[in-house]
Structure formats: C-alpha cells, structure tokens
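These notes are about the structure you will find just below.
Bear in mind these aren't lab numbers, they're just calculated from the coordinates by the rules spelled out. In this text the structure is predicted, and so the values were computed from the model without any measurement. Virtual Cβ from ideal backbone geometry, glycine too; neighbours counted across all protein chains shown.
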Amino acid sequence: MRLTALTATAALLFPVVALAQSLPAMPALDESPAQRSARRAAMEPPVLQEDAALQAAVASTTRPEADRARDGARHPFETLTFWGLRPNLTVVEIEPGRAGWWRNILEPYAAATGGRYVGVNRPLEGMGVEDGSADLIVVARALHNWHGSGRTGPYMEAFFRALKPGGILAIEQHRGAEGLNADETAPTGYVSESYVIHAAQAAGFVLEARSELNANPADDHDHPYGVWTLPPTRVSAPRQGNANDRPTPLTPEERAAFDAVGESDRMTLRFRKPE
C-alpha cells in the first residue's frame, strides 16, 4: 500500500486554556474560499514512516467488506498515521458503535503490536483505563450527539484525565459552516471546527494539527435529513419523531444527487495534552 500525501497544518497552536466556569471566546476559523485554498496550498505533508502492521490491519479481509468499501472516503491508514498511531500504545475509542468501523482496525492492530484497545460507550461512568495512562483517544463522528445534553465539556475533561501527559486526542467530525449556532447544526449531525477546538481547549488540550484529508468540498452541509442523507446511511424519507426532517421523501433524482456527493465533509484534528 502506498502512502497518500497528508495535508496537515502542523504547529497551529492555540493558548492552553485553564479549566473554568466561563468558556473563552472561540478562535476565528471562518475562511473565505480563497483563504482556505491558500491555506491548503501552503500545507506541507509531514514526513511519515511506513507501518506494515497498520497496512496489514487496514487491508485485512477479516474486516467486513462494507467497511473496506468505504476506505476511499475515510482514508484509515492515512488518518491513523496523521493522528500518531504506532505500536505498543493504549488506545481508547469513544462510542465505537455496533458496526465498529474504527474498532475493526484498531483492535487487531493493538493486538499485533503489543498495544491495548479499549472501547468506551459512557465516558462519565469510566474510561476503561487508569487516569493518566492512555496514549491515544479516538473520537469519530460523535460530538454532534453530545451537544444537546451538555456532555461535550464533561467528556472532554474525562478524556484529558485519562490521557498521559503528551497523549493525543484524535477527532474526526462532520464539519459544519462557521458562524452557525451548534444548537441548530448539531441535530443535523454537523458542528463547526471552532466549536470542537473551543471545547477541547477549555479542557486543557492544545491543538497540534489540522488536516484536510477527509474534506469534501461537494458537501454543502444542508440536507433534508441531516448528514444521514448522505452515504453510507442514505436516509431518503422523513424519520418518525424527527422534527428536523423535511416532510417529503427524496425523488429518485435527489437520491442520485446526494449519493454523488459522497460521505460528509469532515474535520480531522489532533490535540495534545501538555507535558
């Protein structure tokens, strides 16, 4: 497997924010299309080493066929390399889900390299590891679920406690437009990049790098049934009890158009707990 070039903004650091009752102002990340294009063009890919064990875990035929079919949209090898996965780490995945898309890579990789994989569904009931012992915490496509119930801040604080000094918080999340209220966007599956950065900084994390590896410019973030309109979920009709859904189903032409968009536009972020 050849390594695809990663586009990361290294050393994009924000001040460490002490825990407090009042949250600091959000960093300004609203960019014009021209500014974003210029930032992407200026990015230099980090120098990476090949990891044969990770390549084998991604390529393994023990992974479900449906999982492997999504590799072109989710870039597992490149994303995990960007996050800093390596042998002999204690890796905690938050809310891995029944399908276990990341788990099906992370768990066998940890077993093959002397590491440890822990899946955690209720962080406030326990992180599955001793405080200060985790090397890497992975949060994928989950933050929108926490906003309405006020769990984002407490979860971030739990992640901070669980990580070693120097440990990494890795986040993949459906990315909404800047300047919109998370109260309105989170029910559709999207939150802004500044919302996530703000929440992590408030818990004490430092933003170390951002990547456009999982960006999708074709996703305009505005869909009849939220992000779930897009593949792989492909909701095509209003769901019972969901007030945010359009009341009419997709036409065949609309269904084809949303399928052509592909999977969502996602931020890919790497935070570090200060030494």
(request) Mind running the shape call on the range 62-168? Use the C-alpha gyration tensor, a ≥ b ≥ c as the square roots of the eigenvalues: rounded below 1.5 for a/c, prolate if a/b tops b/c, oblate otherwise. (result) oblate
(message) Would any residue of the range 148-167 have its amide N under 15 Å from a label point 7 Å out along Cα→Cβ of GLU275? List them or say none.
(response) 164-167
(request) Among ALA202, GLY262, PRO224, flag the residue with its Cα farthest along the positive direction of the charge dipole of the range 200-275, charges on Cβ as +1 for Lys/Arg and -1 for Asp/Glu. (result) ALA202
(message) Under the rule of at least 5 residues apart or a separate chain, name every residue whose amide H is placed under 5 Å from the amide H of GLY167.
(response) LYS273
(request) Report the full-extension gain for the segment ARG246 to ARG122: residue separation times 0.36 nm, less the Cα-Cα distance, to one decimal in nm. (result) 41.5 nm
